[in-house]
Amino acid sequence: MVNKKNKKKRAPLMTRMNILFFVIFILFSALIFQLGVVQILNGDSYQEEIERTNLDTVDIPVPRGKIYDTNGELIVDNEAMYSITYTPSNDVQAEDRLEVAETLAQYIDMRDKQTMDRITERDRREYYLLLHEEEIEERLEAIDTEEMENGEVYDATLELITDEEIADFSEDELEIIAIKKELDKAYALTPQVVKNEDVTAEEYAAVAENLDQLPGINASTDWDRVYPNGETLTSILGNISSQEEGIPAEDMDAYLTTGYSRNDRVGRSGLEEEYEDFLRGRKEQIQYTTSQNGSIIGSETIVEGERGKDLVLTTDLEFQQEVDDILLDEFQSMKSSNSYENRFATNAYAVVMNPQTGELLAISGVEYDTKNDEYNNNAGLTTLTNAHEPGSSIKGATILAGYDSGVISPGETFHDAPMKLAGTEIKRSVQDMGTVNDLTALERSSNVYMFYVTLRLGGDYRHPMPQNANLDINMGETLQTLQNYFNQFGLGSTTGVDYPRESTGLRGQVPDNPGNLLDFAIGQYDTYTTLQLAQYVSTIANDGYRVQPHFLKEAREPIDSMDELGPLYYSSSTTTMNRIDMINDEISRVQEGFRLSYQGSQGTGKDYFQNKSYDPAGKTGTAQSYEFVDGERFDLNNLTLVGYAPFDDPEVAFAVVVPHVGIGEGNQINLKAGERILDSYFDIKEEHDEEAEDSDGDSREG
């Protein structure tokens, strides 16, 4: 009875177990079937998807922005040229690059002397190692390398190759070595130029037709900087690095963090460096799909490239070339008229700017190579870097320092006569002038007037000064006071120019005798650049407002048109750096002194500027300098000139500096060059105004 009951209970359980096993069987069958489908039917596609796991984005350089003058005249352009590049995948080995080099050597010529000369002994050994790897490794077995680093082992391996084994490579083999040398420079998935100079159309076509045999090689176009107007302004424009140089090692981290590649060409100097962010452009971005072993299996352009922004400078190219020619012509004339007397003169400088806006209209320098007897009038950069004692041209700052400190008043007079202080040589003006006030002191360039201003700044009010008088003043504090005043004009401080580097000149230390302190007041102690002098006179012309000089007028979006500029991207504005401490009436007083210096009956510049229709004002300067040759001293002069025009509403200011000129009376290159520069400015302005009127007339008639 009990057994029958147990049998009845087990029957439903067995049924349920059977059903469960059947379901499990069905599920396993379905799983096996699905695996079969994946493996057999879709295996290839899924395997490909597995391998498509690496996406790498590569930035492709684009041409830099162009540079124009203020009128839209092209100064710097890009010239397209054929280029052979190499972009290796992640898995490329040295043997692969050698194979590519051997094939590429069939289509391009890299046997020029410069390329061949760059092949080093190490390059030869590395090439030999690739061809005889097993043989050299057998030699290595004789060396204990257990404690060596990998690099040390490799170097030791190369040393096992004898000089004789690398001595007799053929020209064909050397060419392969040269090509491989370029391929070795490439980083994974980053284009490296193999050849972009003198690539012929035949070479370009041959490479393009055989790319399937040249993994990683591409035939593309590159660019190079060209200058349609020759060397004009090139010293200011600066240079860019070559692809071989890439980004500067000292700035490597900074560039890499802002999206640069190691072999990118960047501005290395000048405006190319200063405005790198504008000129660099937007790189084209290509996304490469690579397999797990590093092979490239696909690519897609995800960001279209765009060349850099175009720069428009404040400089007028026509006027710039005129100033270059004027400075060179006057300098050569001075040298040729008295070559022995002026044998130490090797430079001349000129800067022209708008005193109200700070726009640099022309910046010019001449250098003379005494060894080769050659002139170079493309040395504008020296106006920012070379500093000299300027002489009397800075007397306006001395007078204004006297006004503001309260040691003199407008109209105050001193007796101009030789001054002899204890421990100094006689200090005097170029001639004894008798009684002079502040205006006639500027008009006639009285040194003695400036000496009295300086003595009073130190607390000594004696007048006339007794002969051989001892001074009881703090020369250090007095010098510091004057230097601080001069700094307000940009003398002895940075001008703020939009340029990577500029000199601030040599700041004199505390003088060891009173004579040196007095020399400071007449521009014969501290040194200043020509740009600093131009900013100084601009500050006086601009009613005491010191504005930042600048080369950049605006940046424009790049467009393909050769006849017009693109939309405005950025515009420079006038930046006032400071306003000098002096009140308007005091500044006006110095302005009048400058006008008298150019146009007064006793003005030091009257012979050149007295009858000019553009109503100029300014100040001449002569500073004593000297050179020693074999222990013998030769006395010389630094000739300078600063000025502006028109007097009532200045639109142009300038500075001219010619150092180490002979003392002969006929040397007035500063005045001759300054006159011609102002004449040229207003002549060109008149021509432009007439052209604008004619254009307006034609428009109205149309």
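The values are calculated or read from the model by the stated rules, or taken from the named source; none is laboratory data. Small disclaimer: the values here were computed from a predicted structure and weren't measured. A quick note on method: Cβ atoms are made from the backbone with ideal geometry, for glycine too, and the neighbour counts reach across all protein chains shown.
Based on what the data block shows, is E330 over 17 Å from the mean Cα position of the chain (by Cα) and either under 28 Å from P567 (Cα atoms) or assigned by TED's automatic domain parsing to the domain that holds Y681 (or both)?
Yes, satisfied.
If we keep just the residues of the stretch 334-366 that are assigned to a helix (DSSP H, G or I) and in contact (Cβ under 8 Å) with a residue 40 or more places away in the chain, which is nearest to Q668 (Cα to Cα)?
That would be M334.
Say whether the condition of being farther than 24 Å from Q320 by Cβ, among the polar types (S, T, N, Q), in contact with a helix residue (DSSP H, G or I) (Cβ under 9 Å, 6 or more places away or on another chain) and free of Cβ contacts under 8 Å to residues at least 60 places away in the same chain is met by at least one residue in the stretch 595-602.
Yes, that holds for at least one residue.
If R225 meets every condition in (1) outside the structural domain of G308 (by TED's automatic domain parsing); (2) among the charged types (D, E, K, R); (3) closer than 19 Å to Y82 by Cα apart from one, which number is that one?
Among (1) outside the structural domain of G308 (by TED's automatic domain parsing); (2) among the charged types (D, E, K, R); (3) closer than 19 Å to Y82 by Cα, the lone unmet condition for R225 is (1).
Give the residues of the stretch 344-364 that are in contact with a Gly (Cβ under 8 Å, 6 or more places away or on another chain) and more than 14 Å from V658 (Cβ to Cβ), sorted by residue number.
Matches in the stretch 344-364: I363 only.
Just name the residue that is nearest to the chain's Cα centre (by Cα) out of those in the stretch 134-152 that are assigned to a loop (DSSP other than H, G, I, E, B) and surrounded by fewer than 10 Cβ atoms within 10 Å (Cβ to Cβ).
Among them, the one singled out is E149.
In the stretch 194-248, what residues are among the aliphatic types (A, V, I, L, M), at negative phi and touching a Gly at 6+ places or on another chain (Cβ under 8 Å)?
Correct list: I236, L237, I240.
Applying the selection to the stretch 414-442, what residues are under 18 Å from G603 (Cα atoms), β-branched (V, I, T) and out of contact with any His (no Cβ under 6 Å at 6 or more places or on another chain)?
V430, V436, T440
Checking the conditions here, which among D432, D438 is more than 17 Å from K395 (Cα to Cα) and either in the same structural domain as I540 (by TED's automatic domain parsing) or not basic (K, R) (or both)?
Criteria check complete, one pass: D432.
Suppose we keep only residues that are surrounded by fewer than 18 Cβ atoms within 10 Å (Cβ to Cβ) and β-branched (V, I, T) within the stretch 221-245. Which one would you say is nearest to A379 (Cα to Cα)?
Of everything passing the filter in the stretch 221-245, V226 is nearest to A379 (Cα to Cα).
Across the stretch 248-268, which residue is nearest to Y86 (Cα to Cα) among those that are small (G, A, S) and loosely packed, with under 13 Cβ neighbours inside 10 Å? Talk me through it step by step, then tell me what you get.
Keep residues of the stretch 248-268 that are small (G, A, S), which gives 249, 254, 259, 261, 267.
Now restrict to residues that are loosely packed, with under 13 Cβ neighbours inside 10 Å: 249, 254, 259.
Details: A249: 23, A254: 26, G259: 20 Å.
Among those that are small (G, A, S) and loosely packed, with under 13 Cβ neighbours inside 10 Å, it is G259.
Just to be sure I understand the filter: pairs with C-beta atoms under 7 Å, separated by 6 or more residues or on different chains, first member in the stretch 135-161 and on the phi > 0 side of the Ramachandran plot, second member surrounded by 13 or more Cβ atoms within 10 Å (Cβ to Cβ). Which pairs pass?
Listed pairs, sorted by first residue: none to list.
Name the residue, out of F489, F551, that is closer than 17 Å to E389 by Cα, buried (at least 22 other Cβ atoms within 10 Å of the Cβ), of a type outside the set (A, V, I, L, M) and at pLDDT 95 or above.
Details: F551 fails: closer than 17 Å to E389 by Cα.
Answer to the selection: F489.
Given the condition surrounded by fewer than 21 Cβ atoms within 10 Å (Cβ to Cβ), on the phi < 0 side of the Ramachandran plot and at pLDDT below 95, answer yes or no: does some residue in the stretch 377-384 qualify?
yes
Inspect the stretch 421-444 for any residue being closer than 13 Å to P514 by Cα, part of a loop (DSSP other than H, G, I, E, B) and acidic (D, E) and give the result as yes or no.
There is at least one residue in the stretch 421-444 that is closer than 13 Å to P514 by Cα, part of a loop (DSSP other than H, G, I, E, B) and acidic (D, E).
Got a sec? Which of A397, A417, A401 is farther than 24 Å from A541 by Cα, modelled with pLDDT of 95 or more and assigned by TED's automatic domain parsing to the domain that holds D585?
The unique qualifying residue is A417.
For the stretch 153-169, give me each residue that is in a loop (DSSP other than H, G, I, E, B), aliphatic (A, V, I, L, M) and surrounded by fewer than 16 Cβ atoms within 10 Å (Cβ to Cβ). Lay out the reasoning, then the answer.
Taking the stretch 153-169 as the starting set, the residues that turn out to be in a loop (DSSP other than H, G, I, E, B) are 160-163, 167-169.
Pick out the ones that are also aliphatic (A, V, I, L, M) and you get 160-161, 167.
The answer is A167, and nothing else.
From the list D198, D172, exactly one residue is exposed (fewer than 13 other Cβ atoms within 10 Å of the Cβ) and in a loop (DSSP other than H, G, I, E, B). Which is it?
Criteria check complete, one pass: D198.
For the stretch 554-588, what are the residues that are among the β-branched types (V, I, T) and either at positive phi or surrounded by fewer than 18 Cβ atoms within 10 Å (Cβ to Cβ) (or both)? It would help to see each step written out before you state the result.
Initially, the stretch 554-588 is screened for residues among the β-branched types (V, I, T), giving 559, 574-576, 580, 583, 587.
The answer is I559, T574, T575, T576, I583.
As an exercise: evaluate G259 against (1) in a loop (DSSP other than H, G, I, E, B); (2) in contact with a Gly (Cβ under 9 Å, 6 or more places away or on another chain) and give the number of the one condition it does not meet.
Condition (2) is where G259 drops out.
If you take the residues of the stretch 589-636 that are among the aromatic types (F, W, Y) and either in a helix (DSSP H, G or I) or surrounded by 15 or more Cβ atoms within 10 Å (Cβ to Cβ) (or both), which of them is modelled with the lowest pLDDT?
Here the answer is F634.
Can you tell which of V661, V657, V629 is within 23 Å of N338 (Cβ to Cβ), in contact with a His (Cβ under 7 Å, 6 or more places away or on another chain) and either hydrophobic (A, V, I, L, M, F, W, C) or assigned by TED's automatic domain parsing to the domain that holds R343 (or both)?
Being within 23 Å of N338 (Cβ to Cβ), in contact with a His (Cβ under 7 Å, 6 or more places away or on another chain) and either hydrophobic (A, V, I, L, M, F, W, C) or assigned by TED's automatic domain parsing to the domain that holds R343 (or both) holds for just one of V661, V657, V629, which is V657.
Within the stretch 235-253, count every residue that is over 17 Å from N196 (Cβ atoms) and out of contact with any Asp or Glu (no Cβ under 8 Å at 6 or more places or on another chain).
The qualifying residues number 8.
Would the stretch 176-193 turn up any residue that is touching a strand residue (DSSP E or B) at 6+ places or on another chain (Cβ under 9 Å), at negative phi and part of a strand (DSSP E or B)?
For the stretch 176-193, residues touching a strand residue (DSSP E or B) at 6+ places or on another chain (Cβ under 9 Å), at negative phi and part of a strand (DSSP E or B): present.
Here are some residues: L517, L506. Which one is aliphatic (A, V, I, L, M), assigned by TED's automatic domain parsing to the domain that holds T398 and touching a strand residue (DSSP E or B) at 6+ places or on another chain (Cβ under 8 Å)?
Working: L517 fails: touching a strand residue (DSSP E or B) at 6+ places or on another chain (Cβ under 8 Å).
Among L517, L506, only L506 is aliphatic (A, V, I, L, M), assigned by TED's automatic domain parsing to the domain that holds T398 and touching a strand residue (DSSP E or B) at 6+ places or on another chain (Cβ under 8 Å).
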